[in-house]
Amino acid sequence: MASWKILLVFCMIFLVFPAQVSLAEEGPDFRFFQRLSLFQREADGHLGPMDIRGDETWGNGVQLEVQIRIDEIAERVASVARFSTHQVQPGETLWDISRKYGIDVATLAGVNHDIANVHNIRAGDEIRVINIRGTVHKAKQGETVDCIAGEYGVCPEEIRRVNAEDLNSLEIGQEVVVPGAKPADFAERGGTLDSFVWPVTGGRISSHFGPRWGGFHEGLDIAVPTGTPVRAAKEGWVSFSGWNGGYGNTIDIDHGGGVVTRYAHNSRLLVSRGSFVYQGQVIAYSGNTGRSTGPHLHFEIHLNNRPVNPIRYLPPR
Ligand SMILES: [Zn+2]
């Protein structure tokens with residue numbers, strides 16, 4: 001078990017209860033148990049029911065065994081939205097900050113509504129950082145959690161789960177974290193919500209999408225030397241990373257909304273299944289693996305399980 005999780009829980013206990021009740025007679029085990037039960041009550045109030053189990057055996061004094069499901073607690077604590085502040089350093093972009101904190105640019109835009117253009121932040125600016133992906137919604141008159149959930153297409157329960165505050169009666173302007181949502185104005189603020197970037201820089205297009213050799217070529221071939229960095233065309237979750245027959249070393253990225261991209265014939269894969277990747281992040285090095293007649297990247301875009309012509313979705317180059 002990761003020691004930081006244990007540390008986190010203990011930090012929480014001591015933060016919540018700085019003043020200790022004197023329980024000298026009962027011994028240290030009893031004090032520990034007292035703290036835990038108090039912590040449990042506090043945690044219940046903020047995070048919903050916790051699974052902290054105590055099993056007491058009263059003997060020649062006090063003997064207590066406490067079993068804590070630290071993983072569960074740590075997970076709950078981590079899933080509640082928390083903000084911190086980052087001061088922009090000279091030369092730093094919103095992209096750099098997003099990578100530093102492990103969240104996406106859309107989330108940073110979503111929690112910093114004062115950023116008019118995501119490409120234009122200045123050294124010294126204070127940027128709000130959040131620990132989960134999503135956006136911040138400012139409640140309007142008469143709005144409820146259900147209304148907000150409907151607006152962003154998320155479950156009201158998800159909203160309640162990540163917000164530590166009471167959301168039963170929202171005040172006008174009250175900030176509500178909407179997990180998994182993106183700010184509606186992201187594209188207007190320079191975000192790349194719907195656009196792809198080229199997965200490699202340079203290279204000649206050696207084969208287009210369409211009929212080829214009596215079959216159908218479902219992607220775009222870009223001839224590049226082995227070892228060329230291959231980048232995620234768009235942010236998303238890695239849904240496949242490994243060997244895929246004729247495709248050789250392949251990465252598939254699920255971008256949500258029925259959009260999937262594929263990167264084939266690589267020499268080396270750098271990300272594993274289940275990881276989140278940012279647009280432009282290097283995910284592999286190109287190669288000549290699988291059924292390939294020379295070093296190149298085979299790139300596909302799928303919409304709702306059908307391959308489409310990537311050229312139509314990539315920016316001009
Ligand atoms: Zn190909």
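The values are calculated or read from the model by the stated rules, or taken from the named source; none is laboratory data. Note that the coordinates shown come from a computational prediction; the quantities given were computed from them, not determined experimentally. Counting neighbours? That spans all protein chains shown, and the Cβs are built from the backbone with ideal geometry, glycine included.
Residues are listed down the side, and each one gets a yes or a no for (1) within 16 Å of the ligand (Cβ to nearest atom); (2) within 17 Å of Pro295 (Cβ to Cβ); (3) touching a strand residue (DSSP E or B) at 6+ places or on another chain (Cβ under 6 Å); (4) basic (Lys, Arg):
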{"position": "Gln174", "(1), (2), (3), (4)": "no, no, no, no"}
{"position": "Ala181", "(1), (2), (3), (4)": "no, no, yes, no"}
{"position": "Pro199", "(1), (2), (3), (4)": "yes, yes, yes, no"}
{"position": "Phe216", "(1), (2), (3), (4)": "yes, no, no, no"}
{"position": "Asp221", "(1), (2), (3), (4)": "yes, yes, yes, no"}
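Can you pull out every residue in region 208-228 that is in contact (Cβ under 8 Å) with a residue 60 or more places away in the chain and part of a strand (DSSP E or B)?
Within region 208-228, Gly210, Leu220, Asp221, Ile222, Ala223 meet the criteria.
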In region 252-308, which strands (runs of 3 or more DSSP E) lie fully inside it and hold 2 or more residues that are polar (S, T, N, Q) and within 16 Å of the ligand (Cβ to nearest atom)?
259-266
Based on this model, can you work out whether Asp185 counts as within 16 Å of the ligand (Cβ to nearest atom) and either buried (at least 21 other Cβ atoms within 10 Å of the Cβ) or of a type in the set (Asp, Glu) (or both)?
no
Test Val176 against the stated conditions and say whether it is within 29 Å of Ile130 (Cβ to Cβ) and either in contact (Cβ under 8 Å) with a residue 12 or more places away in the chain or of a type outside the set (Phe, Trp, Tyr) (or both).
yes
Checking Ser241 against (1) hydroxyl-bearing (Ser, Thr, Tyr); (2) buried (at least 20 other Cβ atoms within 10 Å of the Cβ); (3) within 16 Å of the ligand (Cβ to nearest atom): exactly one of these is not met. Which one?
(3)
Arg231, sole failed condition from (1) in contact (Cβ under 8 Å) with a residue 60 or more places away in the chain; (2) assigned by TED's automatic domain parsing to the domain that holds Thr261; (3) of a type outside the set (A, V, I, L, M, F, W, C); (4) surrounded by 18 or more Cβ atoms within 10 Å (Cβ to Cβ)
(1)
Strands (runs of 3 or more DSSP E) wholly inside region 68-162 containing at least 2 residues that are in contact with a Cys (Cβ under 6 Å, 6 or more places away or on another chain), crowded, with 17+ Cβ neighbours inside 10 Å and at pLDDT below 90
none
